[in-house]
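Here's the structure, in structure tokens; my notes come after.
The values are calculated or read from the model by the stated rules, or taken from the named source; none is laboratory data. Small disclaimer: the values here were computed from a predicted structure and weren't measured. Note that we place each Cβ from the backbone using ideal geometry, even for glycine, and neighbour counts take in every protein chain shown. Just the protein is used for accessible areas: all its heavy atoms, side chains included, with ligands, DNA and RNA removed. Shrake-Rupley method; radii C 1.70, N 1.55, O 1.52, S 1.80 Å.
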Amino acid sequence: MASPSPKSPGQISDKSKKYDRQLRLWGDHGQTALESANVCLINATATGTEILKSLVLPGIGSFTIVDGALVTGEDAGNNFFLDHSKIGKPRAHVATQLLMELNSDVKGDYIEETCDQLLSNNPDFFCSFSVVIATGLTEKSLHSLSSNLWQNNVPLVVSVSYGFIGSIRLQVSELCIIESHPDNLLEDLRLDKPFPGLKEFMDTIKLPEMNHKQFSHTPYLVLLYKALEIWNDRHGPNPPSNYKEKEILRNIIKSELGYGIVEEEDSNSGDEENVAEAIKAVNTALTKTQVPSNVQKILNDDQCIRLKEKNSFWIIARAVKEFVEKEGNGVLPLRGSLPDMTSDSQRYIALQNVYREQASKDAEHVWRHVQTILKERGWAGESVIENDVKLFCRHSSELRMIRGSCLAEELDGKQLPPDVDINQQLEEPDSPWLHYLLLRAVNKFHTENGSFPGYYDDNVETDIAKLKGCFSRLLNDLGCQGGSLSKDDNLHEMCRYGAAELHAVAAFIGGCAAQEVIKLITKQYVPLDNTFIFNSVTSTTATLRL
């Protein structure tokens, strides 16, 4: 395959403007991953095209639609990308043409075959895709597709819009996330375990020799450090850990860190913003520096210890583990960033450089460990690049790993998670577990009868009885003894839906599913684990672990 030609500065600038908002979310490297991805959509249903729309607009590299159906009147009624003039034409072709009009940077292709035909004639067809998205499949087809993709380690996203109920199911064997973007990430300041460069910098700062102006523009980090020195002299090396101890430290900051040179303009002393910032930061800046439990779990994982295969994530994780045990003295590589704070530019930049230099040194140690690991195992050095190591070190405190489950095994399964009291869940009319089971029941109905309950108006009443039987047998298959619905209202509703795909529900599910696909492709943010249920009647959502 020919390598792509380098982009001109004008092209890069235009793309930066075009994708400005999303670049702030996942950065240039995330956008590069998105533009390199190739996704497959099975069936251009209303939900499927809504998912692709939300992937084409941010610039997915390419997509392929697999669909052997022709456009129907029902499609024209609920699918934004199909109209009555397209009735009778191949649905895959029509949807591909219209989706490509949304973004000239995206390539589109289509195949006018069913999923079953492709799996039968070319089982390896789906292996080349970054992610496969499935909509409008029967349980039998879904089972075959799931088994195929699970064996070939290709992520699968299954999306369903059924009346007022929607669901998303993610199947991924293993997903290692470096940039999880947690909402509550604390700053990595190391005040409880100061590194040599930080100690040297702090020793050069003499608060008693400052006038008011100099003191009021001293970074609050310096004030905290100096207050901790006083605390350590009086109370020992352990930093304050409870409210009473932290209140003592706040009082030290308020009353014992004053400047020594008094000048006329010092009459407004006591209202310094940096002092207020230091007092406020006592609760967050003094957290114990240690390896988070979720990261420790990764470092202790068998994949990290044994390194059974050449995987860049696990190679770097192993190098970080060795750093923690050796140069890091039990802590992760320094992040190297500082929060905003009241300060003059000179001292803030100097302090920032102290943290950046130490972070660079830590990353260099990890990089050397990576090279040693590769050399010992005879692996090519190009399999891991230094920039990846730096990124890994910068985000090492937010690493996440997800190991999912196979959907085919779930469909074959004879029990639900042991912590779920299904009989209790069935008593709740809006329980997400109830809606999950109802969706399973209508698929079982389709397998047995060749159509969904209520699809034909003349059969609604008889379908209700059949669906109730399917639901009862499903509960028995799952080992739910005595489980039943207290009322038939929910079964009646499922039949009343008649497998209708409402555009409003499809649009919501499509947007949510597209977000999950982007997470899988960029390996940023944490995807749902692993089943998402949406009830549009009550406007509620829930995540189930299956």
>> I need the full set of residues from the stretch 175-224 which are closer than 19 Å to LYS288 by Cα, in a helix (DSSP H, G or I) and open to solvent by 20 Å² or more (accessible area, probe 1.4 Å), in order please.
In response: PRO196, LYS199, TYR220
> Listed residues GLU357, GLU273; which is at negative phi, among the charged types (D, E, K, R) and at pLDDT below 95?
Replying inline: GLU273
>> Go through (1) free of Cβ contacts under 8 Å to residues at least 60 places away in the same chain; (2) in contact with a Lys or Arg (Cβ under 7 Å, 6 or more places away or on another chain) for HIS492 and report which single condition fails.
In response: (2)
> Would the stretch 493-500 turn up any residue that is at pLDDT 90 or above, buried (at least 18 other Cβ atoms within 10 Å of the Cβ), in a helix (DSSP H, G or I) and under 26 Å from the mean Cα position of the chain (by Cα)?
Replying inline: no
> What tally of residues in the stretch 319-338 results from selecting those that are surrounded by fewer than 21 Cβ atoms within 10 Å (Cβ to Cβ) and part of a helix (DSSP H, G or I)?
Replying inline: 3
> With (1) modelled with pLDDT under 90; (2) buried (at least 20 other Cβ atoms within 10 Å of the Cβ); (3) of a type in the set (S, T, N, Q) as the list, and SER241 as the residue in question, which single condition is left unmet?
Replying inline: (2)
> Using beta carbons and a limit of 9 Å, which pairs, at least six apart or on different chains, have the first residue in the stretch 375-388 and more than 16 Å from VAL320 (Cβ to Cβ) and surrounded by fewer than 10 Cβ atoms within 10 Å (Cβ to Cβ) and the second one of a type outside the set (A, V, I, L, M) and modelled with pLDDT of 85 or more?
Replying inline: ALA380/LYS310
> Which residue, of ILE315, ILE298, is open to solvent by less than 60 Å² (accessible area, probe 1.4 Å), outside any loop (DSSP other than H, G, I, E, B) and either within 12 Å of SER397 (Cβ to Cβ) or of a type in the set (Phe, Trp, Tyr) (or both)?
Replying inline: ILE298
> Applying the selection to the stretch 228-247, what residues are part of a helix (DSSP H, G or I) and within 39 Å of the chain's Cα centre (by Cα)?
Replying inline: LEU228, TYR243, LYS244, GLU245, LYS246, GLU247
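May I ask you to say which residue of VAL460, VAL442 is among the β-branched types (Val, Ile, Thr), part of a helix (DSSP H, G or I) and closer than 21 Å to LEU137 by Cβ? If you could, list the steps in order and put the result at the bottom.
Numbers: VAL460 fails: closer than 21 Å to LEU137 by Cβ.
From the options VAL460, VAL442, the qualifying one is VAL442.
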> Any chance the stretch 55-77 includes a residue that's at negative phi, open to solvent by less than 10 Å² (accessible area, probe 1.4 Å) and part of a helix (DSSP H, G or I)?
Replying inline: yes
